[in-house]
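Here it is, the structure, as structure tokens.
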Amino acid sequence: MKGQYAIFRMKKYKGQTISIIEAHNERMKEAYASNPDIDIQRSKLNFHLINPDGRYLGEVDKLIQSSGCRVRKDSVKMIEALITASPEFFEGKKPREVKAFFDRAVDFMKTKQDPDTYISAVVHVDEKTPHMHFCFVPLTPDNRLSAKEIVGNKKKLTQWQDDFWSYMVKFYPDLERGESASKTGRTHIPPRLFKEAVHLNQQKDMLLELLADINPLNAKKRAAEIEALLEKYTPGVEKMRTRLKKYDAAYKELRAEIAVLEKKVDASKESVTRRLELLQQVQELEKLRKIVDNIPTEILAIYSDANLGRKETLSHE
């Protein structure tokens, strides 16, 4: 089963480029030669969670004027958040379930940006993967037009993505944090991994019970049960180990940062909080690795012997 990733991206728009993105979002064209993924026959199924009161640029300028803020010629006037998930997440979901996902995403945006600054939120289901275009004017609480303050640099954007994943995973535990260039993005451990690890641990206990219960009367039956369980268990463990390797570098970085923070004599409240956060991430990684690494040698030996026996049988056929 492929990972199901939460996806959150942002773009900035100035002046007339706002009208261009509006034409795409609101499906104002009769054809889209540059985007063959759009199925015009399905465009009628697209829906708004926030309806624009008028044309994007007009509404943007109206909000900016009412705020009384200063505007430069090169000011970013609108930000668009593209919100979706990997295709696997939407597979088999009914329209109401798809809508529920984007309703949750709108709720997340309300925790980050004043609803009075919203322009539009439209969900497209006429392309391969459902996604939402969420547009707003980057006005700060003190009525300044500042995309830099709201979106900021890559670090600030990563924080938006982290917060989005943290919010959505409460409702959708299978969602993983998408890949990020920053180390904070690499240390998020999806709840699904823990579920899989616990399941592997349960299979291990079942195998040990079967091994302990073998006697001359049930040996043939138990051997078949053990072999069937090993066919699922051992490859599952190897797959989990491979997936955990991607966290090795992050684990070392976390440990190194913790060591630096521990050496600080006058630790601030922020550094103490950060250290506790890092320790929690390290403990989660250690717990996960401990679960999947705890494979009794006798189980591995049985699986190897069973595979060898099958190969020898096939070679003599």
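The values are calculated or read from the model by the stated rules, or taken from the named source; none is laboratory data. Quantities reported herein were computed from a predicted structural model and do not represent experimental measurements. Ideal geometry is used to build each Cβ from the backbone, glycine not excepted, and the neighbour counts take in all protein chains shown.
Return yes or no: is PHE136 within 17 Å of the chain's Cα centre (by Cα), surrounded by 13 or more Cβ atoms within 10 Å (Cβ to Cβ), modelled with pLDDT of 90 or more and among the aromatic types (Phe, Trp, Tyr)?
In short, no.
Residue by residue, here is whether (1) at pLDDT below 75; (2) under 25 Å from LYS110 (Cβ atoms) holds:
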position: TYR172; (1), (2): no, yes
position: SER180; (1), (2): yes, yes
position: GLU196; (1), (2): yes, no
position: GLU231; (1), (2): no, no
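Same structure again: Would you check if there is a residue in segment 107-116 being in a helix (DSSP H, G or I), aliphatic (A, V, I, L, M), within 21 Å of the chain's Cα centre (by Cα) and under 30 Å from PRO173 (Cβ atoms)?
We begin by selecting, within segment 107-116, every residue in a helix (DSSP H, G or I); these are 107-112, 115-116.
From what is left, the residues that are aliphatic (A, V, I, L, M) are 109.
Remaining after also requiring within 21 Å of the chain's Cα centre (by Cα): 109.
After this cut, where a residue has to be under 30 Å from PRO173 (Cβ atoms) as well, the list is 109.
Taking every residue of segment 107-116 in turn, at least one turns out to be in a helix (DSSP H, G or I), aliphatic (A, V, I, L, M), within 21 Å of the chain's Cα centre (by Cα) and under 30 Å from PRO173 (Cβ atoms).
Checking the structure you have, find out if any residue of segment 153-163 is at pLDDT below 75, surrounded by 14 or more Cβ atoms within 10 Å (Cβ to Cβ) and not β-branched (Val, Ile, Thr). Before you say what the answer is, go through the steps one by one.
Going residue by residue through segment 153-163, those that are at pLDDT below 75 are none.
No: zero hits.
Further, regarding this structure: In the set ASP74, ASP61, which member is surrounded by fewer than 13 Cβ atoms within 10 Å (Cβ to Cβ), acidic (Asp, Glu) and out of contact with any Leu (no Cβ under 8 Å at 6 or more places or on another chain)?
Testing whether each residue is surrounded by fewer than 13 Cβ atoms within 10 Å (Cβ to Cβ), acidic (Asp, Glu) and out of contact with any Leu (no Cβ under 8 Å at 6 or more places or on another chain) leaves just ASP74.
Going through segment 83-101 one residue at a time, which ones are buried (at least 22 other Cβ atoms within 10 Å of the Cβ) and either without any contact (Cβ under 8 Å) to a residue 12 or more places away in the chain or assigned to a helix (DSSP H, G or I) (or both)? Walk me through it before giving the result.
Kept after step one, since they are buried (at least 22 other Cβ atoms within 10 Å of the Cβ), are these residues of segment 83-101: 83-85, 89, 101.
PHE89, PHE101 - these are the residues of segment 83-101 that are buried (at least 22 other Cβ atoms within 10 Å of the Cβ) and either without any contact (Cβ under 8 Å) to a residue 12 or more places away in the chain or assigned to a helix (DSSP H, G or I) (or both).
From the list VAL98, VAL71, VAL76, exactly one residue is closer than 16 Å to PRO138 by Cβ, modelled with pLDDT of 90 or more and among the β-branched types (Val, Ile, Thr). Which is it?
Numbers: VAL98 fails: closer than 16 Å to PRO138 by Cβ; VAL71 fails: modelled with pLDDT of 90 or more.
Every option except VAL76 fails the conditions.
Within segment 196-231, track down each residue that is surrounded by 12 or more Cβ atoms within 10 Å (Cβ to Cβ) and without any contact (Cβ under 8 Å) to a residue 60 or more places away in the chain.
Once the filter is applied, which keeps residues that are surrounded by 12 or more Cβ atoms within 10 Å (Cβ to Cβ) and without any contact (Cβ under 8 Å) to a residue 60 or more places away in the chain, segment 196-231 yields GLU196, HIS199, GLN203, MET206, LEU210, ILE214, ASN218, ARG222, ALA223, GLU225, LEU229, GLU231.
Now for a different question. Looking at segment 26-64, which of the residues that are among the basic types (Lys, Arg) and part of a helix (DSSP H, G or I) is modelled with the highest pLDDT?
The initial filter retains those residues of segment 26-64 that are among the basic types (Lys, Arg), namely 27, 29, 42, 44, 55, 62.
Still in the running and part of a helix (DSSP H, G or I): 42, 44, 62.
Working: ARG42: 87, LYS44: 90, LYS62: 94.
Among residues in segment 26-64 that are among the basic types (Lys, Arg) and part of a helix (DSSP H, G or I), the one modelled with the highest pLDDT is LYS62.
Moving to a separate point now. Return the pair list, or none, for Cβ contacts closer than 8 Å from residues in segment 8-22 that are touching a residue at least 24 places away in the same chain (Cβ under 8 Å) and of a type in the set (Val, Ile, Thr) to residues that are in a helix (DSSP H, G or I) and surrounded by 14 or more Cβ atoms within 10 Å (Cβ to Cβ), at least 6 apart or on different chains.
That search, which allows pairs on different chains as well, returns ILE18/TYR56; ILE18/LEU57; ILE18/VAL60; ILE21/TYR56.
Would you be able to tell me the number of residues in segment 126-145 that are touching a strand residue (DSSP E or B) at 6+ places or on another chain (Cβ under 8 Å) and not in a strand (DSSP E or B)? It would help to see each step written out before you state the result.
Here is the first cut: in segment 126-145, the residues touching a strand residue (DSSP E or B) at 6+ places or on another chain (Cβ under 8 Å) are 129-139, 145.
Imposing the further condition that a residue be not in a strand (DSSP E or B) reduces the set to 129-130, 137-138.
Of the residues in segment 126-145, 4 are touching a strand residue (DSSP E or B) at 6+ places or on another chain (Cβ under 8 Å) and not in a strand (DSSP E or B).
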